[in-house]
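Chemist: Please find one structure pasted underneath; my questions will follow.
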């Protein structure tokens with residue numbers, strides 16, 4: 001016996017009384033083998049505790065039954081939940097997930113794609129780090145690795161399927177809710193502050209990240225409501241609570257502060273909520289606040305936070321299904337699914353006093 | 001050329017002007033090849049856009065540079081954060097993570113271990129679904145796959161390394177804090193209600209899950225403080241907020257309710273917090289509350305929640321390092337690392353009125 005006493009294919013063939021070639025075909029699930037031989041080999045393998053060599057089988061079948069998933073940070077609840085959605089549909093279909101954290105860095109993403117490709121994954125789901133850089137994703141598709149874009153699009157990857165949230169509509173719902181309550185000075189806390197100039201020029205390529213789409217949606221929604229946008233009400237923040245705290249404080253310090261704040265994700269919302277608390281502002285009478293993502297804390301705080309709830313788990317489920325379809329040789333043309341978010345009104349929003 | 005126009009090893013060898021065997025050794029990084037041939041092959045591979053076949057290389061080297069990680073639910077922030085710790089040390093070392101959600105089901109875990117084994121992972125990190133069932137983990141070790149247990153031990157796996165939290169000590173800190181403030185009627189919200197009878201009998205095998213260890217720690221800490229435990233103050237809950245809400249409500253409904261509640265994890269704490277809020281109890285004067293895990297919401301609620309903060313990220317980092325050590329042929333005997341949690345006192349705990 002080989003490999004630390006583990007039984008080999010030869011041992012199984014001998015035990016089953018068939019040729020090694022027949023045992024190999026029976027265990028690998030390829031080629032022609034009689035039912036009788038198949039049963040004898042399966043019994044022999046079970047008796048000996050034979051472990052199928054997935055590598056050898058993959059070399060023959062061309063499939064590793066493995067999918068790559070590339071996200072910036074799996075400890076971010078958004079990606080953790082989407083990943084759960086992905087594995088909930090792909091594991092039962094017999095696929096395991098090879099996970100890579102890119103840290104939102106496009107070079108790390110390129111390296112990870114190369115590794116995935118070398119490991120011969122059957123397909124990849126990726127939340128592109130930099131939507132303007134899609135060449136490495138297009139290359140993967142060219143060599144036969146299907147790619148599904150998750151949560152964001154990328155330019156230069158026309159053949160990739162995508163599953164995203166309808167972010168423009170999501171923000172329109174939130175702004176519409178505030179306008180209906182009578183707000184006119186509506187501020188926004190955003191990660192896409194750096195894209196302001198690009199958005200003004202209508203540069204779509206820079207506007208593919210959810211944060212940029214949401215900022216664009218904020219301006220469109222104000223325009224639709226007949227409100228002239230005031231760029232001093234745009235609070236630019238990095239993706240952390242402290243930075244959002246500072247951005248919110250900056251807006252609330254204005255001579256004419258906003259009466260409502262829209263925070264374009266959950267981390268930013270927690271920073272802004274804290275800023276309003278520390279200032280002693282009574283929400284919602286003195287400030288209305290809306291966040292993104294419905295996390296457990298939004299119902300524990302007083303007042304409860306009005307949020308735009310994203311279908312994060314479904315986003316992962318849908319991406320997983322599209323990739324499985326594509327691996328099965330699914331439709332020729334790329335498909336782009338957009339899921340709808342919904343507004344959940346709680347006590348942090350009301351008419352301005 | 002083979003595979004949808006992708007260049008083959010033969011193409012690279014021809015381009016480099018060397019034999020196929022030499023090209024294979026140079027690209028696979030094994031065997032003896034002159035520096036000159038190695039460079040020629042590398043250049044030819046780059047010119048042709050040759051993609052190394054990781055499967056073929058793995059068959060030869062015996063290493064897939066892949067690790068298996070098995071947890072109950074990656075969308076649980078605890079496991080998502082630990083997973084990030086694992087990948088932060090293993091990715092830079094050239095290992096990718098193959099992820100499996102077991103849903104806390106031991107049969108799913110057995111199947112996942114079989115898949116991992118078939119895919120020839122170089123090692124596995126697992127948070128065992130059922131600590132009393134470790135035979136399949138022991139079998140993996142027997143055939144040469146190192147196993148590191150994460151967050152919980154399992155019986156019958158004497159050769160597995162482990163990285164856990166010192167849960168008994170963590171709970172002792174929390175109970176000690178309450179006792180120091182003057183509490184004597186201290187309730188606990190626990191998932192391990194079903195283990196009460198086993199704990200009474202000193203059955204260690206049933207007591208390996210963190211929830212059971214924490215419940216054991218609660219009883220020891222009370223005994224150390226000279227307080228007679230009152231089992232009516234043990235609120236048994238399932239692992240969800242609603243169930244914890246009901247358990248907390250049950251304790252607060254007692255003729256002689258507890259003056260303080262210890263919740264043995266973050267989900268249970270959020271349910272109990274809500275129950276106290278809905279009852280209109282003023283924390284901390286009318287009820288002191290302690291949770292586990294320091295999540296963002298614990299500082300947004302009023303009063304802020306006193307918690308036992310687990311070093312979750314470090315737990316993952318440590319498990320990743322131990323597995324890498326083990327793959328490198330590390331120390332012969334199994335190593336058991338215990339990390340310390342720490343108490344973070346906030347405004348939800350004070351002396352009883």
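No value in this document is a laboratory result; all are computed from the given coordinates. Remember, predicted model here, so these are calculated numbers, not experimental data. Note: ideal-geometry Cβ built from the backbone for every residue, glycine included; neighbour counts use all protein chains shown.
Chemist: For peptide B:70-80, what's the mean number of Cβ atoms from other chains within 10 Å of each residue's Cβ?
Modeler: Details: counts 0, 0, 0, 3, 11, 14, 3, 7, 0, 3, 10.
Per residue, the average neighbour count from other chains is 5.
Chemist: How many angstrom lie between the Cα centre of segment A:140-170 and the Cα centre of segment A:261-334?
Modeler: With segment A:140-170 and segment A:261-334 each reduced to a Cα centre, they are spaced 21 Å.
Chemist: Counting partner chain Cβ atoms within 10 Å of every residue's Cβ in B:127-140, what's the average? Walk me through the numbers before you get to the answer.
Modeler: Working: counts 0, 0, 0, 0, 0, 0, 0, 0, 0, 0, 0, 0, 2, 0.
Mean shielding count: 0.
Chemist: Angle between the Cα long axis of helix A:35-48 and the longest principal axis of chain A, 0 to 90 degrees, nearest 10?
Modeler: The answer is roughly 80 degrees.
Chemist: Measuring label to label, 7 Å along Cα→Cβ, what does residue B:63 give against each other copy in nm, shortest first?
Modeler: 3.0
Chemist: Can you tell me the 0 to 90 degree angle between the C-alpha axis of helix B:77-90 and the longest principal axis of chain B, rounded to 10?
Modeler: Taking the Cα atoms of chain B, the angle to B:77-90 is about 30 degrees.
Chemist: Okay, next question. Which order do the peptides B:333-344, B:251-262 come out in when sorted by mean C-beta neighbours inside 10 angstrom, highest first?
Modeler: Values: B:333-344: 14.6, B:251-262: 19.1.
Taking the mean over residues of other Cβ atoms within 10 Å, the ranking is B:251-262, B:333-344.
Chemist: Okay, next question. With the crude spin-label approximation of a point 7 Å out along Cα→Cβ, what separation in nm comes out for residue B:239 versus residue A:135?
Modeler: About 4.6 nm, to one decimal.
Chemist: In whole Å and largest first, what semi-axes does the C-alpha gyration tensor of segment A:136-186 yield when each eigenvalue is scaled by 5 and square-rooted? All intermediate terms of the calculation are to be shown ahead of the outcome.
Modeler: Details: eigenvalues 291, 15, 6 Å².
Semi-axes (√(5λ), whole Å): 38, 9, 6.
Chemist: How many Cβ atoms of partner chains, on average, are near each residue of A:114-120 if near means within 10 Å of its Cβ? Don't skip to the end; give the middle numbers.
Modeler: Working: counts 2, 7, 2, 3, 9, 11, 6.
Shielding by partners across A:114-120 averages 6.
Chemist: Also, quick follow-up: Highest first, please rank the peptides B:187-200, B:67-80 by the mean number of other Cβ atoms sitting within 10 Å of their residues.
Modeler: Working: B:187-200: 20.1, B:67-80: 23.6.
Put in order of decreasing packing, that is B:67-80, B:187-200.
Chemist: Does anyone have the angle between helix A:266-278 and the longest principal axis of chain A? Alpha-carbon axes, 0 to 90°, nearest 10?
Modeler: Tilt of helix A:266-278: around 30 degrees.
Chemist: Compute the distance in nm between two label points, each set 7 Å from the Cα along the Cα-to-Cβ direction, one at residue A:347 and one at residue A:232.
Modeler: Reported label-point gap for residue A:347 and residue A:232 is 3.3 nm.
Chemist: How far is residue B:309 from itself in the other copies, in nm, if each label sits 7 Å out from Cα along the Cα-Cβ line, shortest first?
Modeler: 3.2
Chemist: Any idea how far apart residue B:279 and residue B:253 come out in nm if each label point goes 7 Å out from Cα toward Cβ?
Modeler: About 1.1 nm separates the two model spin labels.
Chemist: When the helices in chain A are scored as -39500 (n - 2.57) per DSSP H run of 4 or longer and the sum is shared across all residues, what 222 nm value do you end up with, to the nearest 500 deg cm²/dmol?
Modeler: Details: 13 runs with 149 residues, N = 353.
About -13000 deg cm²/dmol.
Chemist: Sort segment B:167-310 into rounded, prolate or oblate with this rule: let a ≥ b ≥ c be the square roots of the eigenvalues of the Cα gyration tensor; rounded if a/c is under 1.5, and if a/c is not under 1.5, prolate when a/b is larger than b/c, oblate otherwise. It would help to have the intermediate numbers written out before the result.
Modeler: Values: a/c = 1.44, a/b = 1.35, b/c = 1.06.
Rounded, because the longest to shortest axis ratio a/c is under 1.5.
Chemist: Now a separate question. Where the label is 7 Å out from Cα toward Cβ, how close does residue A:114 come to the same position in every other copy, in nm, shortest first?
Modeler: When each copy's label point is compared with this one, the spacings are 3.8 nm.
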